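Visitor: Dropping a structure here in structure tokens format, bear with me for questions.
No lab work stands behind these numbers, since they all come straight from the coordinates. Please read these numbers as outputs of a predicted model, since none were measured by experiment. Neighbour counts are summed over all protein chains in view; Cβ atoms, including those assigned to glycine, are modelled from backbone coordinates with ideal geometry.
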Amino acid sequence: MTARRRIGYWMGFSVVLALLIAAPLVLPAFWRSFLTEILIWGLLAMSSDLLIGYTGMVSFGHSAFFGLGIYGAAAALLWTSPPNLWMAFLFGLVAAAAVAAFVAYFSTRLRDIYFAITTLIFSQIFYVIIFTWTELTGGENGLTFRRPALAVPGLFSVPFTSETLHWFVLAVVTLSYLVLRRITRSPFGMVLQSIRENEARTRAIGYPVERYKIVAVMLSGLFAGLAGVLYAIQNRFAAPDFVFFLVSGEVVIFNVMGGIGTLVGPIVGAAFFLLLREGFSRFFTEYYLIPVGLIFIAMVIFMPQGLLGFMRRSLNR
Amino acid sequence: MAIDQLLQAIPLDQLLIQTVNGIVAGMILALVASGLTLIFGIMDVVNFAHGELFMLGAYVGVIVLTATGNFWLALVVATLVIALLGAGIHVIALRPLLGRDPLTTILATFGISLVLQNYALWQFGPVARKIQEPFSGYFTLFYLDYPWYRLVIALLSAAIIGALWLFLKFGTYGIWIRATTQDRVMAQAMGIPVPQVLTAVFAIGAGMAAASGVLFGPLVGVNHAMGVDWVLKAFIVVVVGGMGNLGGSIAASIFISLLESYASIWVSPAQAVIFSFVVLILTLLFRPTGLFVPTPK
């Protein structure tokens, strides 16, 4: 990689980051929380890109990791008093990681379509459990809880405003992006990409492909759980709908719309999808998925690279 | 002594009733799943929209039934209309994806399922419709009046699947279809119009989904979300039975439906689903390619 390209990349990165930092100061309240929401869904989509774009495994089960992140955070926020931010992260991540380990162990035995269907069915298992275990999860009604304060023990504790919440989410998402980028460029990430390109040859060279895949699914699930925790903090409720497989499907849509294998593409895809939803629900109310679905089908057929696909090379340098 | 008590604890009459229930549900599931497995085995397309075709079939059935009052006409019309719709979907959305990664077909059909489901919600509203069953005779099964209609559904499903099997085995076009499955390029070279064959297969699968939708309509209400449960169950069946394996998915349908019926003696039906999930996990652990297909090593 030439130094000039590297400078170009980091320049672009800083400009986008600066815009996102400044955004809540100029945007009205609605669009401010809308932007925060885009970042959270973007993180979820980005976590799934590690599988779809870099390892070549389409996961239709990300709602399970996301949902368990939400419910884990919910448990922590309901049990601790006053609600503790860091306990929410701990609980949410542990719950998501446990589920991810379980799903990874079984689903990585299968490839391609079978992997997609298996992850889908696993997410439905957790959906059914959460939906029917009313005493613990509130069943269909879900759980509501209070938003924790932004606190560092022994230093300070301030309640979240919509600006500080946005910056907090932005910090977590940016850090996650940098970590995921580092992962995909590491030797480990290279092995994942070689699994995507040619699994048999990777195995023949001597890499334990299954173990790499399991770790990839677990990492991906962990970041999806992180997105779940952020979502719980922002929206202050947990509902079984977030574990339903339609959420996983939307995550895949974000990826395809934005461009897989780019990490930032999924965030752009999430933004594009949420903007389309916002725009169309003014005309079509709750049937916005009809036009959005048609656009998605057209993009699958005519634009499989997604919105940022043309930048794939430069983003991965 | 202990064995006697154990035998006492098992409700024999309930077991028998649930056996009948399980076989009936299994035959309908087999009809849905065999369309899915046909489409997958022949075209490498995972049809996420299968449940929506099932649901739209039931709605077309409702419309024809209210217009004419004839259940059998409704069944035939719904099958034909949805088969045509399936052919249209294939030509517009799936033919351009021929030769691309099979995973892209999951994405396209997922998009289609979202569109169709929301279209049904928009067109028909959230209130469930009812299909009147064509006849309402009962026979006595222990303390229950068991409707004849349920048995007729099971038999009809079996007949449709049997007809499909005979067609694939002996029909000229059936042989075309099998040739396309085995080697698409060679089939093309022998003069078989492969793209049209694929469209026809998708249409047949869609028609079968619609037929099962109409047949099943009288047992539950018809609403826009009814397809989702079925497609998930059919996916489980297709994985357990082995993708693209017709006989395997029929056996797996009956096996899983029986299991869920027995389970629902003791737990609620919503939780009985977990048993089929467990079967799926065990299958994946020990026979990742399905119970009825030898595992390649």
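Visitor: Based on the Cβ-Cβ distance from A:ALA204 to B:VAL220, what FRET efficiency comes out when R0 is 45 Å, to the nearest 0.05? Walk me through the intermediate numbers first.
Guide: Numbers: r = 51 Å, r/R0 = 1.14.
Computed FRET efficiency for A:ALA204 and B:VAL220 comes out at 0.30.
Visitor: How high is the FRET efficiency between A:ALA298 and A:PHE30 when r is their beta carbon distance and R₀ equals 30 Å, given to the nearest 0.05? Walk me through the numbers before you get to the answer.
Guide: Working: r = 29 Å, r/R0 = 0.97.
Step by step, r from the Cβ atoms, then E = 0.55.
Visitor: Taking the stretch B:122-220, which chymotrypsin sites (Phe, Trp or Tyr not before Pro) meet the DSSP loop condition and have no more than 12 other C-beta atoms within 10 Å? The partial results should precede the final answer.
Guide: On the way: sites: B:TRP122, B:PHE124, B:PHE135, B:TYR138, B:PHE139, B:PHE142, B:TYR143, B:TRP148, B:TYR149, B:TRP165, B:PHE167, B:PHE170, B:TYR173, B:TRP176, B:PHE202, B:PHE216; in loops: B:PHE135, B:PHE142, B:TYR143.
Passing both the DSSP loop test and the Cβ count: B:PHE135, B:PHE142, B:TYR143.
Visitor: I'd like the FRET efficiency for A:GLU140 and A:ASN235, computed as 1/(1 + (r/R0)^6) with the beta carbon distance as r and R0 of 22 Å, rounded to 0.05. Intermediate results must be reported in sequence, preceding the final value.
Guide: On the way: r = 17 Å, r/R0 = 0.77.
Taking R0 as 22 Å, the efficiency between A:GLU140 and A:ASN235 is 0.80.
Visitor: For the stretch B:111-162, run through the trypsin sites (Lys or Arg not before Pro) and keep only the ones in DSSP coil with at most 15 other Cβ atoms within 10 Å of their Cβ. Kindly include the intermediate steps, with their values, before the conclusion.
Guide: Details: sites: B:ARG129, B:LYS130, B:ARG150; in loops: B:LYS130.
Answer in residue order: B:LYS130.
Visitor: Another question about this same structure. Using a simple spin-label model with points 7 Å from Cα along the Cα→Cβ vector, what separation in nm is obtained for A:VAL94 and B:PHE286?
Guide: Placing both labels 7 Å along Cα→Cβ, they lie 3.4 nm apart.
Visitor: Turning to a different aspect of this structure: Quickly work out the B:ARG95-to-A:PHE284 label distance, labels modelled 7 Å from Cα along the C-beta direction, and quote it in nm with one decimal.
Guide: Placing both labels 7 Å along Cα→Cβ, they lie 2.5 nm apart.
Visitor: For chain B, what is the mean residue ellipticity at 222 nm derived from helices alone (per DSSP H run of n ≥ 4: -39500 (n - 2.57); sum divided by total residues; nearest 500 deg cm²/dmol)? Please list the in-between numbers first.
Guide: On the way: 12 runs with 219 residues, N = 297.
Counting only the DSSP helices, I get -25000 deg cm²/dmol.
Visitor: Once amide H atoms are placed 1.01 Å from N in the peptide plane, what residues at a sequence separation of 5 or more from B:ASN47, or on another chain, have their amide H within under 5 Å of its amide H?
Guide: Counting only residues 5 or more places away or on other chains, the set is empty.
Visitor: Now a separate question. Determine the calculated [θ] at 222 nm for chain A from helices alone, applying -39500 (n - 2.57) to every DSSP H run no shorter than 4 residues and normalising by the residue count; nearest 500 deg cm²/dmol.
Guide: So the calculated ellipticity at 222 nm is -24500 deg cm²/dmol.
Visitor: Cut-off 13 Å, label point 7 angstrom out along Cα-to-Cβ of A:ALA149: give me the residues of the stretch A:78-120 whose amide nitrogen falls inside.
Guide: A:81-85
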